[in-house]
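Okay, so here's the structure we're looking at.
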Amino acid sequence: MKTANLHRTPHITPHENWVRLSLLAIVTFFTFFVNNGVLVPDIMESRNLITAREMLETDEYLAPTMNGELRLAKPPLPTWVAAAVEYVSPDNVPWQRAAAGCAGVVLTIFLYLIARNIVRIDPLWPTLILLTCYNVVLMGRTASWDIYCHAFMLGGIYFLAKALMYDGRQT
């Protein structure tokens, strides 16, 4: 049983919804994936890639190291992703950045779902604003930890808000 069923957004036809989602997909593609190899790797990106390379060389995946010293300041999940990409395509920075871009897509999806299902506003505009914010664009185009943290945090907020808004088992 739903406890919050107010819907303030105007009715959008399936055709309009398809056009809006297509627009968001195109903007997302250009935001996170086009010309990924142009930027020079920064220090945070280099640290992530060095740690991922050492994971593969030492077969030590639970305690990441950088230059042989423990690197526990950051969570290991983004480094595991970077190690998986490094295993498939060694020393390929655009592919590493594409993995971060996929996390940017996850961030975009969760913001869209929050706007549509939790806040109940037109999700097009907040999602387009997110996709044009400098910090989000930069995080999604570099192979560092930040975009993963933000994407999963927004996912956690979405599922927490959904759980608090509705009665019963959440599916």
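Look through VAL105, VAL88 and report the one residue that is open to solvent by 40 Å² or more (accessible area, probe 1.4 Å) and touching a residue at least 40 places away in the same chain (Cβ under 8 Å). Steps first, answer last, please.
On the way: VAL88 fails: touching a residue at least 40 places away in the same chain (Cβ under 8 Å).
The unique qualifying residue is VAL105.
Being over 18 Å from the mean Cα position of the chain (by Cα) and either under 23 Å from ASP42 (Cβ atoms) or not hydrophobic (A, V, I, L, M, F, W, C) (or both) is the filter; apply it to the range 147-171 and report the residue that is surrounded by the fewest Cβ atoms within 10 Å (Cβ to Cβ).
Applying the filter and picking the extreme gives THR171.
Filter the range 56-75 for residues that are out of contact with any strand residue (DSSP E or B) (no Cβ under 8 Å at 6 or more places or on another chain), open to solvent by less than 80 Å² (accessible area, probe 1.4 Å) and within 19 Å of ILE43 (Cβ to Cβ) and give the result.
Across the range 56-75, the qualifying residues are THR65, MET66, GLY68, LYS74, PRO75.
Checking the condition part of a helix (DSSP H, G or I), touching a strand residue (DSSP E or B) at 6+ places or on another chain (Cβ under 7 Å), of a type outside the set (Asp, Glu) and modelled with pLDDT of 90 or more, which residue from THR79, THR51 passes? Give the steps one after another, and end with the answer.
Working: THR79 fails: touching a strand residue (DSSP E or B) at 6+ places or on another chain (Cβ under 7 Å).
Going through THR79, THR51 in turn, the sole match is THR51.
Using beta carbons and a limit of 6 Å, which pairs, at least six apart or on different chains, have the first residue in the range 38-65 and polar (S, T, N, Q) and the second one in a loop (DSSP other than H, G, I, E, B) and at pLDDT 90 or above?
Going by the 6 Å Cβ cut-off, the qualifying pairs are ASN48/ALA143; THR51/PRO64.
Of all residues being part of a helix (DSSP H, G or I) and touching a residue at least 60 places away in the same chain (Cβ under 8 Å) in the range 137-146, which is least open to solvent (accessible area, probe 1.4 Å)? Just the residue, please. Give the derivation first.
From the range 137-146, those part of a helix (DSSP H, G or I) are 137-140, 146; that's our starting set.
Right, trim to touching a residue at least 60 places away in the same chain (Cβ under 8 Å) and you get 137, 140, 146.
Working: VAL137: 40, GLY140: 0, ASP146: 60 Å².
Within the range 137-146, the match that is least open to solvent (accessible area, probe 1.4 Å) is GLY140.
The values are calculated or read from the model by the stated rules, or taken from the named source; none is laboratory data. Remember, it's a predicted structure, so these values are computed and weren't measured experimentally. All Cβ positions, glycine included, derive from the backbone under ideal geometry; neighbour counts span all protein chains shown. Quick note on the areas: whole protein, heavy atoms, side chains included, nothing else; ligands and nucleic acids left out. Shrake-Rupley method; radii C 1.70, N 1.55, O 1.52, S 1.80 Å.
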